[in-house]
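The values are calculated or read from the model by the stated rules, or taken from the named source; none is laboratory data. Values in this document were obtained by computation on a predicted structure and should not be read as measured data. In this analysis, Cβ positions are derived from the backbone assuming ideal geometry, glycine residues included, and neighbour counts consider all displayed protein chains.
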Amino acid sequence: MKKLYLTRMAPNPRKVVLLLKAKGIDIDDIDDIDVIDIDMAKGEHLTEEFRKINPLQLLPVLVLQDGTVLNDSQAICEYLDRVYGERSVMGNDVVQRAQVCSIRRVAEFEVLYNFMLAFQHNHPSKAHRVDQVPEFASKSIARAEKALPYFNDILKDKDYLVGNQLSYADIVFYIGLDFGRVLKFDPTAHGEGIARFYNSMNERFGFKK
Ligand SMILES: N[C@@H](CCC(=O)N[C@@H](CS)C(=O)NCC(=O)O)C(=O)O
């Protein structure tokens with residue numbers, strides 16, 4: 001059996017859950033993957049036992065049958081996309097794959113990671129990991145917001161960021177917007193294109209579903 005360690009609410013592990021969901025696969029229904037839920041609030045990823053699996057003590061982690069460890073969400077998603085399901089959500093041809101990669105990186109580094117930085121610098125649960133500078137939080141949120149017109153422009157007359165079907169770029173951008181809500185960011189207040197996109201993705205992938 002392969003082993004997938006994750007925590008379902010956190011943004012990077014959530015990429016893995018939603019990538020599979022986008023391919024019509026429930027993560028808990030894969031015959032050869034054992035899903036192991038890790039409680040980050042209880043520090044289950046900070047144990048010596050987990051450090052042996054991932055010295056970085058971050059989630060998600062996928063351990064293959066032969067013991068190979070994939071300890072990055074992008075790597076795990078690339079692997080799962082190729083191994084499970086029919087349609088790739090990384091793009092249908094060389095050009096589309098490159099486009100998905102390009103927009104996904106902007107969504108990741110400009111939106112998701114700036115929100116993550118804001119959270120890490122102002123949330124008490126992250127004090128063990130980060131030398132917190134509370135003023136950094138508002139600056140990081142502002143930086144994420146600065147990238148939004150770029151996305152709103154793409155989405156003003158389209159449902160998806162690349163082509164006319166859902167891709168991994170949409171998943172990462174949606175997760176970034178949704179994570180912003182813990183920082184009181186409103187994903188529906190930054191242009192009509194983003195609001196429509198967020199509502200439709202949230203209908204499909206939101207936590208309540
Ligand atoms: N580059 C890694 C980053 C993983 C990461 O930052 N994971 C967070 C959850 S979103 C984590 O495990 N945090 C543990 C902690 O802050 O103690 C990836 O994308 O997989």
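Overview of results
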{"quantity": "Qualifying residue in segment 91-114 (condition: outside the structural domain of L183 (by TED's automatic domain parsing), hydroxyl-bearing (S, T, Y) and either away from the ligand (no atom under 12 Å from the Cβ) or over 21 Å from D39 (Cα atoms) (or both))", "calculated": "no"}
{"quantity": "Looking only at segment 43-52, and only at residues there that are crowded, with 16+ Cβ neighbours inside 10 Å and in contact (Cβ under 8 Å) with a residue 12 or more places away in the chain, the one that is farthest from M1 (Cα to Cα)", "calculated": "H45"}
{"quantity": "Residue count for segment 9-27, restricted to those that are within 16 Å of the ligand (Cβ to nearest atom), at pLDDT 95 or above and not in a helix (DSSP H, G or I)", "calculated": "1"}
{"quantity": "E86 vs. criteria within 15 Å of the ligand (Cβ to nearest atom), surrounded by fewer than 18 Cβ atoms within 10 Å (Cβ to Cβ) and either not basic (K, R) or not in a helix (DSSP H, G or I) (or both)", "calculated": "no"}
{"quantity": "Some residue of segment 124-147 being modelled with pLDDT of 95 or more, within 16 Å of the ligand (Cβ to nearest atom), aliphatic (A, V, I, L, M) and closer than 21 Å to L19 by Cα", "calculated": "no"}
{"quantity": "Top-ranked residue in segment 188-202 [being among the small types (G, A, S) and not in a loop (DSSP other than H, G, I, E, B); ranked as nearest to the chain's Cα centre (by Cα)]", "calculated": "S200"}
{"quantity": "Filter result for D159 (more than 17 Å from the chain's Cα centre (by Cα), outside any helix (DSSP H, G or I) and touching a residue at least 24 places away in the same chain (Cβ under 8 Å))", "calculated": "yes"}
{"quantity": "Residue list for segment 53-73, filter: within 10 Å of the ligand (Cβ to nearest atom) and without any contact (Cβ under 8 Å) to a residue 12 or more places away in the chain", "calculated": "L70, D72"}
{"quantity": "Test: residue in segment 56-64 that is at negative phi and among the polar types (S, T, N, Q)", "calculated": "no"}
{"quantity": "Residue that is farthest from K3 (Cα to Cα), among those in segment 24-39 that are touching a residue at least 40 places away in the same chain (Cβ under 8 Å) and among the aliphatic types (A, V, I, L, M)", "calculated": "I25"}
{"quantity": "Residue in segment 116-124 that is in a helix (DSSP H, G or I), within 15 Å of the chain's Cα centre (by Cα) and among the polar types (S, T, N, Q) present", "calculated": "no"}
{"quantity": "Test result for I76, part of a helix (DSSP H, G or I) and not assigned by TED's automatic domain parsing to the domain that holds L20", "calculated": "no"}
{"quantity": "Subset of segment 28-52 that is more than 20 Å from P11 (Cβ to Cβ) and not in a loop (DSSP other than H, G, I, E, B) - its residue that is farthest from the ligand (Cβ to nearest atom)", "calculated": "D29"}
{"quantity": "Members of segment 89-107 found to be out of contact with any Leu (no Cβ under 7 Å at 6 or more places or on another chain) and in a loop (DSSP other than H, G, I, E, B), listed by number", "calculated": "M90, G91, N92, D93"}
